[in-house]
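Worksheet for the structure shown next.
The values are calculated or read from the model by the stated rules, or taken from the named source; none is laboratory data. All values reported here derive from a predicted model rather than from experimental measurement. Cβ coordinates were reconstructed from backbone atoms using ideal geometry, including for glycine residues, and neighbour counts include every protein chain displayed. For the accessible areas, the whole protein counts, side chains as well, though only heavy atoms, and no ligand, DNA or RNA atoms are used. Shrake-Rupley method; radii C 1.70, N 1.55, O 1.52, S 1.80 Å.
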Amino acid sequence: MNDPAAACSPDPLASTVATIRARLASEGAALRSAYEAHPSTRHLLAGRAAMVDRSLTELWRACRMPAEAALVAVGGYGRGELFPHSDVDLTILLPAPADEALKEGLAELVGALWDIGLEVGHSVRTLDECLEASARDITIQTNLLEARLLQGNADLFGEFVRRYHEALDVRAFFKAKRLEQEQRYARHQDTPYALEPDCKESPGGLRDLQMLGWIARAAGLGRNWRDLARKRLITGSEARELRSIERFLQHVRIRLHYLSERGEDRLLFDYQESLARALGVTATANKRASEVLMQRYYLTAKKLTQINTILLQNYGTVIFPERTGPAIVLNERFQIVRELLDVREDTTFEDHPSALLECFLILQQRSELKGMTARTLRTLWLNRKRINAAFRSNPANRALFLQLLQQKRGIVHEFRRMNQYGILSNYLPAWRRIVCQMQHDLFHVYTVDQHILMVLRNVRRFTMGIHAHEYPLMTRLILGFERHWLLYVAALFHDIAKGRGGDHSKLGMAEARHFCEQHALAPEDADLVTWLVEHHLTMSHVAQKQDIADPEVIRRFAELVGDERRLTALYLLTHADIRGTSPKVWNGWRGKLLEDLYFSTQRLLRGATPQQALGLDDRQEDARRLLRFYGLRPGIEDALWAQLDAVYFMRNSADEIAWHTRTLYHRTETAEPVVKARVAEADQGLQVMVYTRDQPDLFVRLTGFFGRMGFSILDARIHTTRHGYALDSFMLQSAADQAHYRDLVTLIEHELAGRLERGGAPDRPQTGRLSRQVRHFPVTPQVSIRPDEAGRHYLLSLTAADRPGLLFAIAEVLASHGIQLHTAKIMTLGERVEDTFLLTGRGLSNDAHVVRVERELLDRLQV
């Protein structure tokens, strides 16, 4: 091993590398053509592994590597499977540390591996180093489990295999892989139902199958699904299902690699339609081909997670046999085995169909239970169709279902399990239509059924003390709400009619009414649930798209709500619904809008006048108290406040009024622009106040400046004082995921004040590429300009795909027509904007002029 001649001979090697590189390209293309003509995952994956085997063997020999060393394939390549753009994982095994000559030769070998066009992951270790690394790192231990000798010292490799298996602690390996799966699931939000799932790493992906295989191999339980069936760890049917699932996921990953021309494992929107075509999936009357494909993917992932749960339990029984103690009988149908709920007979659900619901109730009521045994889960799935019309019409079963919603614990967990094993879709026929149904919009990141369960989770969290610090107001309200389980019913039905066409709120209301009547809910409870389903979008719409500082808006909303119980219920459901769409949609500003609408309406319902409901007097008094707290003498605010009308006080909180006043009380007639910024609550953005003599195109200038700085405008309040000053305030968010807002305060204040003072043409905002979501879910722009009910202002409502500079473009059009902007409600839902502006302008009373403005806006909104 110390002979320098062992190193690669460079001149012949270059020729060999070129030959191998050309052959790999040629053979790879032939394998692809054969696969596309007759798709066989086994032939492609094994063929690619064999192709690389031949090339590496030739290269190893060309480099004249020493006979004492061994070239070993590990990981998926060791298993004999190689996807089109997967890494080739290798270990070079040595009997002793390499000397300098061998190190030089190894370096040339590794360089040659890259030169032939392979993506290589390699390690060079002695036998002892391999075993030490394996004992220290579960990932290395797993890679080495499937080691396969390619070339070199067979005795050394045999010694490695023997010592590796001697050192392998199967129990520790099992525990480590279980923990690894939990961590991997957590990285993917514990759901396979994301709109762009990872077919390898997401729950229900290929990694789940690989993990099951690794544990079986480590424990000596088998090398394929048939082996596991022979050992009765799974049924023959489940073995066939696993092979079918494996083939489907392999096809998906292979096609993704070919479409993306790289090792891309995510089903990105960019590829979903092309992937559907490649897999032979066609559109239906109501669904695009990509939607059909994704629904099939989700159902496949769902089935895999079911079998994964069953098989891991059975592995545990074999690996830890001493944990099996005597069964504890609960009743004639169920018992407890190893802290798991178990059916006493395989025919329990056949003999006692009501037990299909009872088992979930027991799990809710017995906190010591950690789940269900494998045989219970299996028989539950096999008997799910026993929930038929007769089952659903049985009063005892209806009472059981309501009990599930009324328990103190386990509601979300068990409803998720019911969805997973087909119980929910059989008990609620309308649920079947939304299982694994994609939502083709730009703000929901889950399928419809998963979104509903996320909303249920959010409502449930409001009731739990452990989450009170996150939702203090929600917790206080729901704990005082009698029969709050009715909100769970509303959550289950609020989106149950999605995807049918028509108004899903109206259709869902009919479904909710039918459920309430079937389950004999009291008339007032049934009315509340159906009303909530019908109006579950209303509060969000009013808070985010209407002027909630307008007493008339509050009056109309209060009239719709009718009483405080409905108001509180709608507030709780709306809050939970918005939080359940996507982690990116909710923010503190949106929460503040809902909270302000809630309290204004509550005051009105309690007998206040519309003006009092807005809390104008209270707000001013609270602002005065804050000014005193900051050491400002009484009356210091009078000069500034005398220039502000009631609308200003209605549209700003006491804290904002006090902030503005502290900044401006001593310079109400300043000649220089005043710009102040501060970090918003919970570090969720910046609040910026601008005070300057009013000027043409001011809003255009401000939006251009903020756009150039890379900020999105969440809220804009435009106010002109009685003496001709603009007092405008903005809520901004940075496009950067990890913005340090405190570092930006001084920059904004200095740069914007200077820009306003210098004048000149407005800044042009940054331009940027459209997001992938917008490219694949295009939003047809919509624009509407209508007078408000009082006839004093006009409301501009628009919907468009979000993009850099959008608000600037809108402001330019309005300014070019001499239209004044008073308030901007900016609602961004993922990549979709739904904005509302309060306008005045002489030309707005002319229909032809309004049509011209609308057309210009539509032209500017086109992507």
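Numbers at a glance
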read-out	value
Where labels lie 7 Å past Cα in the beta-carbon direction, separation of H519 and T57 in nm	6.5
Other-chain or far-sequence residues with amide H under 5 Å of L341's (modelled H)	K370, G371, M372, T373
Extension reserve of the S784-E119 stretch, reckoned as 0.36 nm per residue once the Cα distance is removed	234.0 nm
Angle in degrees between helix 551-561 and the longest Cα principal axis of the chain, rounded to the nearest 10	60
The chain: relative contact order as a whole-number percent, Cα under 8 Å and 6+ apart	6
Spacing of the two label points (7 Å from each Cα toward its C-beta) at E552 and R432, in nm	4.9
Anisotropy class of the chain from Cα gyration tensor, a/c 1.5 cut	oblate
Tensor-based shape of segment 111-220 (alpha-carbon gyration tensor, a/c under 1.5 rounded, otherwise prolate or oblate)	oblate
Contour minus Cα-Cα distance for R678 and Q183 (0.36 nm per residue)	174.5 nm
Of all DSSP beta bridges in the chain, antiparallel share, percent nearest 5	90
Dimensions (Å) - segment 136-285, Cα atoms, principal axes, largest first	59, 37, 28
FRET efficiency, 1/(1 + (r/R0)^6) with R0 60 Å, evaluated for S26 and E345 via beta carbons	0.45
Highest to lowest packing among 137-144, 522-529, scored as the average C-beta count within 10 Å	137-144, 522-529
Spin-label model distance (nm) - H723 vs R366, 7 Å beyond Cα toward Cβ	7.7
On Cα atoms only, tilt of 806-816 relative to the major axis of the chain in degrees	30
Accessible area (Å², per residue) of segment 122-231, counting only protein heavy atoms and a probe of 1.4 Å	47
Calculated FRET efficiency for the pair T126/R758, C-beta based, R₀ 60 Å, to 0.05	0.30
HN-Hα J in Hz across segment 14-29 - Karplus 6.51, -1.76, 1.60, θ = phi - 60°, x for Gly and Pro	4, 5, 5, 4, 4, 5, 5, 4, 5, 5, 4, 5, 5, 5, x, 5
Listed residue pairs exceeding 25 Å between alpha carbons, taken from K498/K825; K676/K825; K175/K370; K200/K385; K177/K408; K370/K408	K498/K825; K200/K385; K177/K408
Global form of segment 523-606, assessed from the alpha-carbon gyration tensor, a/c cut-off 1.5	oblate
Residue-averaged [θ]222 nm for the chain, counting only DSSP H segments that reach four residues, each worth -39500 (n - 2.57)	-17000 deg cm²/dmol
Between helix 504-518 and the chain: long-axis angle, C-alpha atoms, 0 to 90°, nearest 10	80
Sites A848 and K506, calculated FRET efficiency, Cβ-Cβ separation with R0 30 Å, nearest 0.05	0.25
